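For reference, the structure discussed in these notes is given below.
The values are calculated or read from the model by the stated rules, or taken from the named source; none is laboratory data. Since the structure is predicted, the reported quantities are computational estimates derived from the model, not experimental observations. All Cβ positions, glycine included, derive from the backbone under ideal geometry; neighbour counts span all protein chains shown.
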Amino acid sequence: MSTSFYAMMHRLKYIQRWGLMRNTESENVQEHSHEVAVIAHALALVRRSMFSEGRICPDPDFVATLALYHDASEIITGDMPSPIKYHNDPMRSSYKAIEKEASEILLRMLPADLQPLYRKYLIPADDEITSEALILIKAADRFSACIKCLDEFKVGNKEFVSAYEDIKQRLLDLDLPEVRWFADHALEAYSASLDELTNY
């Protein structure tokens, strides 16, 4: 049986983010998903190695793979701007249902033998480990948004100033030690030039 699933994943690069903002550099969902996966993996590793006591520590590889697919449904739905998506509870619930239906469509594009293996990434289970993984992915998603703002600041675009303050505050509101660690030890470097990075 042939499958169109992987070709659909390839199309993530056609879904543009930040549609309501004036951008100096475009960002697509494929780029964003990779960055979220890298950061979520790091957060999971930091939690496991430094802040594990009394806490659920999802496998970092599972977290990274789940993050790679966290916006896969946007191939079908497009990228809905956050102010609309989270405008109120009915809107949030409706959009969640649309995302789940889109994920089911993607899942059905896979051969039947592979569908159970991908389900946990496209339609995450409602269990403690997955819930903790999704919290780390939410934090990584917010870090990715902060980094986009920093990229825009580097070229003098002030459009993202208030977005940065809001997103960074929502990150800190998560009150997670691994998030604080990444904010304190890694975030600042995203503002550096290549020469500065090589001398960090």
Original post:
Quick check: anything in the range 51-61 over 27 Å from Gly19 (Cβ atoms), surrounded by 12 or more Cβ atoms within 10 Å (Cβ to Cβ), at pLDDT 95 or above and aliphatic (A, V, I, L, M)?
Top reply: yes
Original post:
From the residues in the range 128-166 that are closer than 18 Å to Asn23 by Cβ, touching a helix residue (DSSP H, G or I) at 6+ places or on another chain (Cβ under 9 Å) and among the hydroxyl-bearing types (Ser, Thr, Tyr), which one is modelled with the highest pLDDT?
Top reply: Ser144
**OP:** Would you please name the residue that is nearest to the chain's Cα centre (by Cα), looking only at residues in the range 1-42 that are of a type in the set (Ser, Thr, Tyr) and assigned to a helix (DSSP H, G or I)?
**Re:** Ser33
**OP:** Report, by residue number, each residue of the range 62-73 that is crowded, with 20+ Cβ neighbours inside 10 Å and either of a type outside the set (A, V, I, L, M) or within 20 Å of Ala163 (Cβ to Cβ) (or both).
**Re:** Tyr69, His70, Asp71, Ser73
Subject >> Check on Ile105, modelled with pLDDT of 95 or more and either among the polar types (S, T, N, Q) or surrounded by 15 or more Cβ atoms within 10 Å (Cβ to Cβ) (or both) >> reply: no
Subject >> Criterion violated by Lys85 - all others in (1) exposed (fewer than 12 other Cβ atoms within 10 Å of the Cβ); (2) at pLDDT below 95; (3) under 30 Å from Pro177 (Cα atoms); (4) within 18 Å of the chain's Cα centre (by Cα) satisfied >> reply: (1)
Original post:
From the list Val46, Val38, which one is within 16 Å of Leu150 (Cβ to Cβ), surrounded by 12 or more Cβ atoms within 10 Å (Cβ to Cβ) and not aromatic (Phe, Trp, Tyr)?
Top reply: Val38
Original post:
Does Leu176 qualify as being touching a Lys or Arg at 6+ places or on another chain (Cβ under 9 Å), over 17 Å from Val63 (Cβ atoms) and hydrophobic (A, V, I, L, M, F, W, C)?
Top reply: no
Original post:
In the range 65-76, what count of residues is obtained for those that are more than 10 Å from the chain's Cα centre (by Cα) and farther than 11 Å from Leu106 by Cβ?
Top reply: 1
Subject >> Per-region count, the range 71-94, residues in contact with a Ser or Thr (Cβ under 8 Å, 6 or more places away or on another chain) and not acidic (Asp, Glu) >> reply: 2
Original post:
Considering only helices (runs of 4 or more DSSP H) fully contained in the range 121-200, which possess at least 1 residues that are crowded, with 17+ Cβ neighbours inside 10 Å and touching a residue at least 40 places away in the same chain (Cβ under 8 Å)?
Top reply: 128-154, 161-173, 177-185
Original post:
Among the residues of the range 107-120, which ones are closer than 19 Å to Phe62 by Cβ and either assigned to a helix (DSSP H, G or I) or acidic (Asp, Glu) (or both)?
Top reply: Leu107, Gln115, Pro116, Leu117, Tyr118, Arg119, Lys120
